[in-house]
Amino acid sequence: SLGRVDVDHVITRKMQLIAEAEQLKPAFMKEVDSHFTEFVNSLVAKSALLDSSPSASLFPASSSEKEQHKAKTLRAPPEHGKIFSARRSLLDELFEVSHIRTIYHMFIALLIVFILSTLLVDFIDEGRLVLGFDLLVFVFGKFPVVFCTWLCMFCATVIIPYNLFVWWAQGYCSSSHRIIRSLFYGMLFTLFQTAGLGFGPTYVAVSYALPPASRFIVILEQVRLVMKAHSFVRENVPRVLSSVKDKSSTVPIPRISQYLYFLFAPTLIYRDNYPRNPTIRWGYVATKFAQVLGSLFYAYYIFVRLCIPQFRNSSQETFNLRGLVLCIFNSILPGVLILFLVFFAFLHCWLNAFAEMLRFADRMFYKDWWNSTSYANYYRTWNVVVHDWLYYYAYRDFLWFFGKKFKAAAMLSVFTVSAAVHEYVLSICFGFFYPVLFCLFMCFGMVFNFILNDRRKGPIWNVIMWTSLFLGQGVIICLYSQEWYARQYCPMENPTFLDYLKPRSWSCHMKM
């Protein structure tokens, strides 16, 4: 008034406006995010529809319906299956945000603390700096045997499934006994999958007494190649049957180069062609492989500082409930760190490195599993590569064969197959059968899958999911580590087959 400004009043009014804007901002951002998400989903759905059915706009509706009916008799609907599109990995996008990148820096700082702690403890105990990596040298031992085994597996997978399919497809059209021919080649393919890829690598891993990490390489490659060969045959057989039914003059046989690309591509779903990037960023590849190497050293220091001292001492104590509970809760931290490292090193770094070298554009190897409020969503988003294979070739084919009324049975069969394969990998790699993971998967995992379903949306369910995940990791690390040390402390001279099945950790302490 009278040419003077009430500064206090102006400041107060400005603060009120700022407070009102802050209150409106969440609602505004939520509305923008909702509309943007809806727009993007609609755009992706329309693009996928155009990519998967280009003939819909070229032929009349009756012809399209006839093609769809014919496809339903050959494969589980929908016919097009998984649709690949060019997209980045979620962590690559999140690491562009400085707040998220700080979490990555915190993990690096924790690694530095582990290294300093190990060096200082060794200096105090030994009087000198000990920079040996005996554990890494041991677990990755006998590498020449591992490489030769992998080379044999890979060459066999390149030659045998492809040639069996080509021989079957070329003679199927002119054959007068098509069912017998299909059964014969199907039996040969099954024999290769079970005996060649199944029994052979397992026999090498056991007979040559490969150390744990080397066994993991062999067995995981065995499982990967079995799934790849199945996908190649599963995707191409219906195409041959369809061309014969249409009396086509050409048989759709993929080129060997397409099959070879698929064997290296970071996907388990076969396609003749995938979306490709125009260039290779070799700096990006080098960064990802360096991060894989860093994750290996990270895991090394976790075992050296948090696991080995605890289990080396606890394995010599009497087995009791108190010790078991303390062991489980002391194992939660290393278990969770190992979980994060496996996810980051393999699902993000390793797969992205190979995708970049192959110019493979679809990088959705995982989704935002950390935001899951249900175990059903967690199973779908943790490992999208394996989930896609289980969904299209186990779950959907089960429903196609038995009918849509058996969805619960189909889900149970998928759980059983996944749990059995996980337990098989651990049993061969550790050298003993201790079905902890199988029981957790089939009992608690199945129960949580139905209790913590997709209808659970609140943040409390995300807390429950993380709590159960932490406890599960503690149980796995504790029990498998106890059993490993028990078999080191209480070896048997002439073990029988039942001795490999009985947990040694339950009786080892009584003998000592």
Given the criterion loosely packed, with under 13 Cβ neighbours inside 10 Å, of a type outside the set (Val, Ile, Thr), modelled with pLDDT of 85 or more and at negative phi, identify the matching residue among Glu96, Glu65, Glu126.
Glu96
Among (1) surrounded by 19 or more Cβ atoms within 10 Å (Cβ to Cβ); (2) over 18 Å from the mean Cα position of the chain (by Cα), there is one condition Phe344 misses while meeting the rest; what is its number?
(2)
Inside region 422-474, the number of residues satisfying the requirement of being surrounded by fewer than 16 Cβ atoms within 10 Å (Cβ to Cβ) and of a type in the set (A, V, I, L, M) is 4
For Phe140, only one of the following conditions fails: (1) more than 24 Å from the chain's Cα centre (by Cα); (2) surrounded by 14 or more Cβ atoms within 10 Å (Cβ to Cβ). What is its number?
(1)
Subset tally (residues that are assigned to a loop (DSSP other than H, G, I, E, B) and either at pLDDT 90 or above or of a type in the set (A, V, I, L, M) (or both)) for region 369-410
1
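Assess whether Ile103 counts as being β-branched (Val, Ile, Thr), more than 30 Å from Lys245 (Cβ to Cβ) and modelled with pLDDT of 80 or more.
Against the criterion (β-branched (Val, Ile, Thr), more than 30 Å from Lys245 (Cβ to Cβ) and modelled with pLDDT of 80 or more), Ile103 qualifies.
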Restricting to region 394-421, name every residue that is open to solvent by less than 30 Å² (accessible area, probe 1.4 Å), out of contact with any helix residue (DSSP H, G or I) (no Cβ under 6 Å at 6 or more places or on another chain) and either among the aromatic types (Phe, Trp, Tyr) or free of Cβ contacts under 8 Å to residues at least 12 places away in the same chain (or both).
Gly403
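Results for (1) more than 24 Å from the chain's Cα centre (by Cα); (2) among the polar types (S, T, N, Q), shown as yes or no for each residue.
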{"site": "Val251", "(1), (2)": "yes, no"}
{"site": "Gln258", "(1), (2)": "no, yes"}
{"site": "Arg276", "(1), (2)": "no, no"}
{"site": "Tyr284", "(1), (2)": "no, no"}
{"site": "Lys288", "(1), (2)": "no, no"}
{"site": "Ala299", "(1), (2)": "no, no"}
{"site": "Pro309", "(1), (2)": "yes, no"}
Of (1) closer than 30 Å to Tyr300 by Cα; (2) surrounded by 15 or more Cβ atoms within 10 Å (Cβ to Cβ); (3) of a type in the set (A, V, I, L, M, F, W, C), Ala209 fails just (2)
Filter result for Thr416 (outside any helix (DSSP H, G or I) and on the phi < 0 side of the Ramachandran plot)
no
Would it be correct to say that Leu183 is modelled with pLDDT of 90 or more, of a type in the set (A, V, I, L, M, F, W, C), exposed (fewer than 14 other Cβ atoms within 10 Å of the Cβ) and farther than 30 Å from Leu296 by Cβ?
yes
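The values are calculated or read from the model by the stated rules, or taken from the named source; none is laboratory data. In this text, all values refer to a predicted model and were calculated from it rather than measured experimentally. When we count neighbours, we look across all protein chains shown, and the Cβ atoms used for this are built from the backbone with ideal geometry, even at glycine. In case anyone asks, the SASA skips ligands and DNA or RNA and just uses the protein heavy atoms, side chains included. Shrake-Rupley method; radii C 1.70, N 1.55, O 1.52, S 1.80 Å.
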